[in-house]
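The values are calculated or read from the model by the stated rules, or taken from the named source; none is laboratory data. Just so we're clear, the structure is a prediction, and the values are computed from it rather than from any experiment. No Cβ is skipped: glycine too gets one built from the backbone with ideal geometry, and neighbour counts run over all protein chains shown. The protein model used for the area step is the full one, side chains on, heavy atoms only, and it has no ligands, DNA or RNA in it. Shrake-Rupley method; radii C 1.70, N 1.55, O 1.52, S 1.80 Å.
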Amino acid sequence: MATPEKLLVLYTGGTIGMQMSADGLAPASGFEARMRTQQASENGSELPQWTFRELLPLIDSANMNPGHWLALRDEIIAAVQADGHDAVLVLHGTDTLAYSAAALSFLLLGLDVPVVLTGAMQPAGVAGGDAWPNLFGAMRALYRGVAPGVHLYFNGQLLHGARCSKLRSDAFDAFQVLPRQRQAERATVDARIDFRQPRQAVNIAVLPLHPAVQAGHLQALLASGVQGLLLECYGSGTGPAGDEQLMAVLREAHQRGVVLAAISQCPQGHVQFGVYAAGSRLAEVGLVSCGGMTREAALGKLFALLGAGLPQTEVEHWLARDLCGEMSD
């Protein structure tokens, strides 16, 4: 884990570089100059050499979508393979920061450089704010050496890119890795699913189960052309298995090729279908357990696997196995 010799700072927008507009805070260009001015007052002895690039158009991360994940992936791979960068620091808004970190964890499997994402709860320049500490803290972490893979740096902590979630909207320690059971089989990643595999956009959706959910709700969602559905189940992976209409909708969707994945909606939960009969019935209609994965990780993993063009059975195979530490300690 050597000090990067050619770090790319990739700016996507987000609060960290926002400035006031007539409508409120909005993404703004010109952040490189502000960074270099601020660096002059930092301890530069532990900062790597860096170049700067904007991923246009700059956005508020509330507008992030899977198309942006693919653009980020392509930009990072090109920066490493074509331009010789040996590390990438992505500046990103906090609303969807954990989602992008998770998606990139699976879209960049096997890329042998560290990729660190960071952002801020307050814009750069706010007195006592977290923008400069997060940005230069991430750069110092890279200077000291960060393992290849995707990471999220926030509030002085370097977090696993496929394990963290945003848990607070009003504090600097907004991102955490909660303890969840991670005991899945560790897989050997091959070229079918690593960064070398071209990716395409796919239609995926998330549905939290709740007492008011109806078969018609699920049917309408699946009718939108969903290729993969992530169900947020109760507890250890239960749901309304006594609702025969809802179960029939799930069974029919699986039979026509939709990948059905399951996580626990409990913040520190995990799916273990065999504990309750209600969970076993969900497995019988085709749901695959994602163990203790977070919503962000399971969604990003489902997107990356389906986007690689794999058939349903192969997607299900990889979903149930650990690819980068998302399911195994």
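Below, the figures for the structure above:
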item: DSSP bridge orientation in the chain - percent antiparallel, rounded to nearest 5; result: 25 percent
item: At most 13 other Cβ within 10 Å, DSSP loop - trypsin sites (Lys or Arg not before Pro), the stretch 248-329; result: 256
item: Alpha-carbon centroid distance for the pair the stretch 242-302 / the stretch 88-143, whole angstrom; result: 31 Å
item: Per residue accessible area in Å² of the stretch 7-177, where ligands, DNA and RNA are left out and the probe is 1.4 Å; result: 38 Å²
item: Value at 222 nm in deg cm²/dmol, rounded to 500, when DSSP H runs of n ≥ 4 in the chain each add -39,500 (n - 2.57); result: -9000 deg cm²/dmol
item: Charged-residue dipole, Cβ positions (Lys, Arg, Asp, Glu), the stretch 116-247 about Cα centre, Debye nearest 20; result: 560 debye
item: Antiparallel %, DSSP beta bridges [both residues in the stretch 204-320], to 5; result: 5 percent
item: Accessible area (Å², per residue) of the stretch 204-320, counting only protein heavy atoms and a probe of 1.4 Å; result: 38 Å²
item: Karplus (6.51, -1.76, 1.60) ³J(HN,Hα), θ = phi - 60°, over the stretch 49-65, in Hz, Gly and Pro reported as x; result: 5, 9, 10, 10, 8, 9, 9, 8, x, 5, 9, 6, 5, 4, 9, 5, 9
item: Computed over the stretch 204-320, the ratio Rg/Rh where both radii use C-alpha atoms and Rh is Kirkwood; result: 0.92
item: For residue 176, residues with placed amide H under 5 Å, excluding near neighbours; result: 165, 167
item: Principal axis dimensions, largest first and in whole angstrom, of the chain by Cα; result: 65, 44, 32
item: Share of pairwise Cα separations in the stretch 77-178, more than 16 Å, in percent; result: 53 percent
item: Rounded to 5, the percent of DSSP beta bridges in the stretch 7-177 classed as antiparallel; result: 30 percent
item: Carbon plus sulfur fraction of accessible area for the chain, probe 1.4 Å, in percent; result: 50 percent
item: Global form of the stretch 7-177, assessed from the alpha-carbon gyration tensor, a/c cut-off 1.5; result: rounded
item: Using alpha carbons only: equivalent-ellipsoid semi-axes of the stretch 4-91, gyration tensor based, whole Å; result: 23, 20, 8
